[in-house]
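Reading through the structure tokens given below for one structure.
None of the figures in this text is laboratory data; all of them are computed from the coordinates on show. Owing to the predicted nature of the structure, the values given are computational and were not obtained by experimental measurement. For neighbour counting, all protein chains shown are included, and Cβ atoms are generated from backbone atoms with ideal geometry for every residue, glycine included.
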Amino acid sequence: MSIESKNAQLFERAQKVIPGGVNSPVRAFRAVGGTPRFIARAAGPYMWDAEGQRYIDYIGSWGPMILGHGHLAVLEAVQRAARDGLSFGAPTEREIELAEEIIRHVPSLEQIRLVSSGTEAGMSALRLARGATGRSKFIKFEGCYHGHADALLVKAGSGLATFGHPTSAGVPPEVVRDTLVLEYNNIEQLEATFAAQGSQLACVMIEPIAGNMNFVRAGVPFMKRLRELCTQHGALLVFDEVMTGFRVALGSAQGLYAEAIPGFAPDLSVFGKVIGGGMPLAAFGGPREVMKQLAPLGPVYQAGTLSGNPVATACGLATLREIAKPGFFESLGARTRSLVAGLLGAAKDAGVPMVGDSEGGMFGFFFTNQLPQNYGVVMATDKERFSRFFHAMLDRGVYFAPALYEAGFVSAAHSQSDIEATIAAAREAFAALDR
Ligand code: KE4
């Protein structure tokens, strides 16, 4: 039975009972076409689909699997926690340990609240910023995705970009009336918006490295000015580090900006993915002064049945303890850089215009001549070539993100030989695509 037929069979069956056959739109391959692969199991840097086809996995569950699949220390921690109880709806010591571990690595945090998804964390951080400032308006940037809460689902860059709707159906206009959407890296727009409405802004929410536009860095001058304007007008700077947190560096993206901009720190931060190690866990946090506005202390309500779930916290804590070991990010960063350099070298030898970038274990590439600085430029890159390259690599056992606006991820389990095999597959793919 061919790979396609088994996966196609499952996809057909899935579409009968699950909308689009998937529980999250980007998994449906709508941006690249073709049949999604139904994954049966994963280990280390690999995933196997329902037909037994092995892939070198550069999705890593969209970021969480920074150690690779099935890391022994993580599995043991999860199994031990599961035996002690799946969920209590009461506080546990391990929630304190995880909060302490996250705060230890992120100086801007004094307190955090654990939740179950990045969407929940982003939505709650926005409500907290609005509650703490008494203001309703806020700024987000086109191409940045902060989860699917109504007020944030405006010109989002992940998933929605496929469907070409600048906003989602079902979101009443009044809900997004206070959401201002600016162009990423556009200082002039920032200045003008703050000049006109700065005193009305509760916050600015930003992905510091926009992984929902594949891989676009916020320039240091832009970020410096953004910090200054937020401080000047009393708006909170909210770093959405769901994807970049503990993925691009142990201190997350904010640690990198603090190296470039003396004294830099966001006011609130949102985390997810890596801090759960693959289990449903996310968080938002900041100074005690702001966090005390949250129930049960303050007037901003936020809650969750499975928040701080004992199995998820065990998974996250084991993961963070592994990535905090000396040399982890130096090695991961070097491995990721060698992947991107190899891909670009293969493209160059094939005469294909391709650019790429990476930080820590996160990377992106575009079929164009220079690194895009905003969503419009990303979406103008060669979509058709991306889709053909994606499938040429998938057919050669390499699983990249199935959309040109998504980032890729390398784990500590990816060996140099996995990287070399990927680059060899890319050379074959470029040769095949030129025929
Ligand atoms: P979740 O609700 O999917 O856990 O997190 C939402 C979210 C918030 N902020 C950022 C920066 C994010 O990248 C995400 C989710 N990322 C997508 C990948 N682009 C998750 C994959 C999916 O939607 O299936």
Debye, to nearest 20: dipole size of the chain, +1 on Lys, Arg Cβ, -1 on Asp, Glu Cβ: 440 debye
Here Rg/Rh (Cα, Kirkwood) for the range 72-323 equals 0.96
Net charge within 9 Å of PRO45 by Cβ-Cβ distance, Lys/Arg positive one each and Asp/Glu negative one each, not counting PRO45 itself? -2
Angle between the chain longest axis and helix 72-84 axis [Cα atoms, degrees, rounded to 10]: 60 degrees
Per-residue HN-Hα couplings for the range 98-105 [Karplus 6.51, -1.76, 1.60; θ = phi - 60°; Hz; x = Gly/Pro]: 5, 4, 4, 5, 5, 5, 4, 9
So what's the back-of-envelope 222 nm ellipticity for the chain, counting only DSSP H runs of four-plus at -39500 (n - 2.57) apiece and dividing by all residues, rounded to 500? -12500 deg cm²/dmol
Under a point-charge model restricted to the Cβ atoms of Lys and Arg (+1) and Asp and Glu (-1), what is the dipole moment magnitude of the range 15-159 relative to its Cα centre, in debye to the nearest 20? 620 debye
Nonlocal amide H pairs with CYS203, under 5 Å, H built at 1.01 Å: ILE139, LEU236
Per-residue HN-Hα couplings for the range 341-350 [Karplus 6.51, -1.76, 1.60; θ = phi - 60°; Hz; x = Gly/Pro]: 4, x, 5, 5, x, 5, 5, 4, 5, 8
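Give a quick list of GluC sites (Glu not before Pro) in the range 49-155 that DSSP marks as loop, anything other than H, G, I, E or B, with at most 15 other Cβ atoms within 10 Å.
Answer by residue number: GLU110.
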Work from the charge dipole of the range 72-323 (Cβ charges, +1 for Lys and Arg, -1 for Asp and Glu, about the Cα centre) and give the residue of GLN79, GLN189, VAL248 farthest towards its positive end. GLN189
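Ordered by packing density, taken as the mean number of other Cβ atoms within 10 Å over each peptide's residues, highest first, how do 10-23, 357-370 rank? Show your work: numbers first, answer last.
Values: 10-23: 13.2, 357-370: 21.7.
The densest-packed peptide leads the list: 357-370, 10-23.
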Where Cα atoms sit under 17 Å apart: lysine pairs in the chain separated by 8 or more or lying on different chains: 4
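With +1 on the Cβ of every Lys and Arg and -1 on the Cβ of every Asp and Glu, and nothing else charged, how large is the dipole of the range 72-323 about its Cα centre, in debye rounded to the nearest 20? Intermediate results must be reported in sequence, preceding the final value.
Values: 21 positive and 24 negative charges, 34 e Å.
That gives a dipole near 160 debye.
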Diffing the range 6-18: the Karplus 3J(HN,Hα) column from phi (6.51, -1.76, 1.60, θ = phi - 60°), in whole Hz with x for Gly and Pro, holds 5, 5, 5, 4, 5, 5, 5, 5, 4, 5, 6, 10, 10
Against the rule of thumb 2.2 N^0.38 Å, how large the Cα Rg of the chain comes out: 0.95
Using only Cα atoms, tell me the angle between helix 220-233 and the longest principal axis of the chain; keep it within 0 to 90° and round to the nearest 10. 20 degrees
